[in-house]
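One structure is given here, and the rest of the page talks about it.
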Amino acid sequence: MNIVERKRPAILIYLEALLARTPSHRPEYPFLTEKVRRRTAGFAGESWFDKNWLHYETSEPFRVIPDFQISSHQMDALCIFPTFIAIIEIKNISGFIEMDHETRQLIRTKDGETIGMANPDDQLYRHEKKIQQLTNYKIPVIGIVVFTNSTSVLKVSNIKRKVIHLSGLPYTLDSLIEQYRTSPKFDVHQLCSLFLTCQSPIKPYNPEPIPYPLLTGVFCPDCTFSTMSYSRDFWRCPACRLKQRDAHLLALQDYRLLVGETISNREFRQFTELRSRTNATLLLKRSGFQTIDTHKSLHYIIPEMDLRDKRK
Ligand SMILES: [Zn+2]
């Protein structure tokens with residue numbers, strides 16, 4: 001594989017859990033829904049971009065590092081070729097998009113509404129400087145803005161960097177390979193290792209305390225807000241009749257993200273609304289989680305999970 005697997009962003013995983021556990025009458029609910037929608041669209045654009053590499057054919061070796069993070073820089077993708085490095089800024093935005101060199105703004109007009117957004121050209125300018133510094137200014141670094149939504153209409157005036165639709169990426173890369181054909185060649189794998197070793201460790205997302213009580217229960221993965229009940233070894237949804245043995249794992253993931261990384265039998269029963277202590281013990285034991293004994297009670301350490309990842 002030429003591409004390192006892209007993980008779902010920690011903030012999206014957190015926001016999905018918070019949305020699932022927020023009562024729909026809370027004033028925060030519509031804002032959270034919009035935040036999750038925007039982050040999901042962003043990630044869908046990035047995943048769509050990644051998939052396109054599977055069909056890209058060139059005789060040149062190359063590697064792609066998705067979501068490259070170093071100090072205060074977050075780059076959607078770093079594409080390493082023997083004679084150049086392309087930094088990609090991915091935008092999954094629909095509507096009419098204008099980028100202007102003079103105002104340094106990205107303006108989106110959709111359904112009669114016009115909003116300003118962060119200018120990807122300025123983001124790339126910063127990133128290019130960082131990558132040039134890391135490679136001692138020896139290899140050309142090129143910033144490319146890629147729009148993944150094929151319905152967006154781009155109007156770009158006097159922007160020095162390449163601003164393209166995703167479908168134009170193979171042509172743009174082939175042109176760059178041709179342009180730098182006679183330039184000094186570097187070892188792609190060595191460069192890739194250099195970037196991976198200096199990448200900042202992923203920072204855990206530290207959210208603000210939640211100012212309202214969270215919804216409890218084990219939710220049906222297919223029906224929003226339908227609480228499942230546990231009987232005869234299965235969680236059962238009264239609405240759609242789905243039965244699942246491990247539906248409580250998603251509740252545990254939510255607990256880890258929103259409440260704490262460890263859970264006692266009592267806390268588990270409270271959060272999942274499971275009445276039976278014996279069943280709770282059985283389910284917690286079966287999870288295979290590590291435990292810590294605090295003298296007062298046994299706590300299970302909930303591991304990091306991403307059970308809402310639809311790619312699995
Ligand atoms: Zn259901």
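The values are calculated or read from the model by the stated rules, or taken from the named source; none is laboratory data. Predicted model, so just to flag it, every value in this text is computed and none were measured. A quick note on method: Cβ atoms are made from the backbone with ideal geometry, for glycine too, and the neighbour counts reach across all protein chains shown.
Computed values, structure above
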quantity	calculated
Residue in the stretch 198-213 that is without any contact (Cβ under 8 Å) to a residue 60 or more places away in the chain and within 16 Å of the ligand (Cβ to nearest atom) present	no
Checking THR40 against (1) under 11 Å from the mean Cα position of the chain (by Cα); (2) part of a loop (DSSP other than H, G, I, E, B); (3) at pLDDT 90 or above, the condition it does not meet	(2)
Any hit, the stretch 156-167, residues being buried (at least 17 other Cβ atoms within 10 Å of the Cβ), in contact (Cβ under 8 Å) with a residue 24 or more places away in the chain and within 16 Å of the ligand (Cβ to nearest atom)	no
One residue from HIS55, HIS25, HIS73 being of a type outside the set (Gly, Ala, Ser) and touching a His at 6+ places or on another chain (Cβ under 8 Å)	HIS73
Number of positions in the stretch 282-312 that are of a type in the set (S, T, N, Q) and surrounded by 14 or more Cβ atoms within 10 Å (Cβ to Cβ)	1
First in the stretch 244-270 and of a type in the set (Ser, Thr, Tyr), second anywhere and in a helix (DSSP H, G or I), Cβ under 6 Å, 6 or more apart	TYR255/PHE271
Any hit, the stretch 187-195, residues being small (Gly, Ala, Ser) and within 16 Å of the ligand (Cβ to nearest atom)	no
Test: residue in the stretch 280-288 that is part of a loop (DSSP other than H, G, I, E, B) and modelled with pLDDT of 95 or more	no
Any chance ARG104 is touching a helix residue (DSSP H, G or I) at 6+ places or on another chain (Cβ under 9 Å) and free of Cβ contacts under 8 Å to residues at least 24 places away in the same chain	yes
Among the residues listed as ARG232, ARG236, ARG241, ARG266, the single one being surrounded by fewer than 12 Cβ atoms within 10 Å (Cβ to Cβ) and at pLDDT 95 or above	ARG266
Residues (surrounded by 15 or more Cβ atoms within 10 Å (Cβ to Cβ) and of a type outside the set (Asp, Glu)) located in the stretch 15-31	LEU15, ALA17, LEU18, LEU19, ALA20, ARG21, THR22
PHE195 vs. criteria more than 23 Å from the chain's Cα centre (by Cα), surrounded by 15 or more Cβ atoms within 10 Å (Cβ to Cβ) and not polar (S, T, N, Q)	no
